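Each remark here refers to the structure printed beneath this line.
The values are calculated or read from the model by the stated rules, or taken from the named source; none is laboratory data. This structure is a prediction, so every number in the text was calculated from the model and none was measured. Neighbour counts are summed over all protein chains in view; Cβ atoms, including those assigned to glycine, are modelled from backbone coordinates with ideal geometry.
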Amino acid sequence: MIAPRFTVAALRSLVARWRGDTAAPLVLTCYGKPDCSLCDKAKGPVGRLVASSGGRLVAEWVNVLDEPRLQARWGERIPVICAGETILAEGKVSELRLRRALDALPRAERDEHG
């Protein structure tokens, strides 16, 4: 059995929720790899979205080449931007598409992150 991989931002969010801090930011996990032009281009829209969120969003970039299971799962679909297990965007990532995907998240999931 493979243990789940937790990023620093994801762990901070879990600890904040455990402590009762309902304003814990929503973690956007961004899967990509070095020398990927679409991954490099996705950093702009993701960064702008995080910057304009007032601390409600944080982004963690994960190199899929670091773990074979991530490379097998995401392969050529990168970049892939997720909130939890929900895929928000993949391939060509735009700020507008990300905003629409975040707006479409189940209300309970958005509320628990502020």
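Applying the criterion of being in a helix (DSSP H, G or I) and among the hydrophobic types (A, V, I, L, M, F, W, C) to the residues of the range 30-53, the residue that is surrounded by the most Cβ atoms within 10 Å (Cβ to Cβ) is Ala42. The set of residues in the range 57-92 being of a type in the set (Val, Ile, Thr) and over 12 Å from the mean Cα position of the chain (by Cα) consists of Val64, Ile78.
Read through the list (1) at pLDDT 95 or above; (2) surrounded by fewer than 19 Cβ atoms within 10 Å (Cβ to Cβ), then give the number of the only condition that Asp103 fails. Tallying (1) at pLDDT 95 or above; (2) surrounded by fewer than 19 Cβ atoms within 10 Å (Cβ to Cβ), Asp103 fails exactly one: (1). Pull up the range 56-86, narrow it to residues that are part of a strand (DSSP E or B) and of a type in the set (S, T, N, Q), then point me to the one that is nearest to Leu105 (Cα to Cα). Filtering the range 56-86 for residues that are part of a strand (DSSP E or B) and of a type in the set (S, T, N, Q), the one nearest to Leu105 (Cα to Cα) comes out as Thr86. If you take the residues of the range 79-98 that are surrounded by 13 or more Cβ atoms within 10 Å (Cβ to Cβ) and acidic (Asp, Glu), which of them is farthest from Cys36 (Cα to Cα)? Among them, the one singled out is Glu95.
Return the total of residues in the range 46-79 being aliphatic (A, V, I, L, M) and within 17 Å of Arg99 (Cβ to Cβ).
We begin by selecting, within the range 46-79, every residue aliphatic (A, V, I, L, M); these are 46, 49-51, 57-59, 62, 64-65, 70, 72, 78.
Adding the requirement that they be within 17 Å of Arg99 (Cβ to Cβ) leaves 46, 49-51, 57-59.
Within the range 46-79, residues that are aliphatic (A, V, I, L, M) and within 17 Å of Arg99 (Cβ to Cβ) number 7.
Mind telling me which of the residues Glu109, Glu76 ends up being among the acidic types (Asp, Glu), modelled with pLDDT under 95 and surrounded by 11 or more Cβ atoms within 10 Å (Cβ to Cβ)? After applying the criteria, what remains is Glu109.
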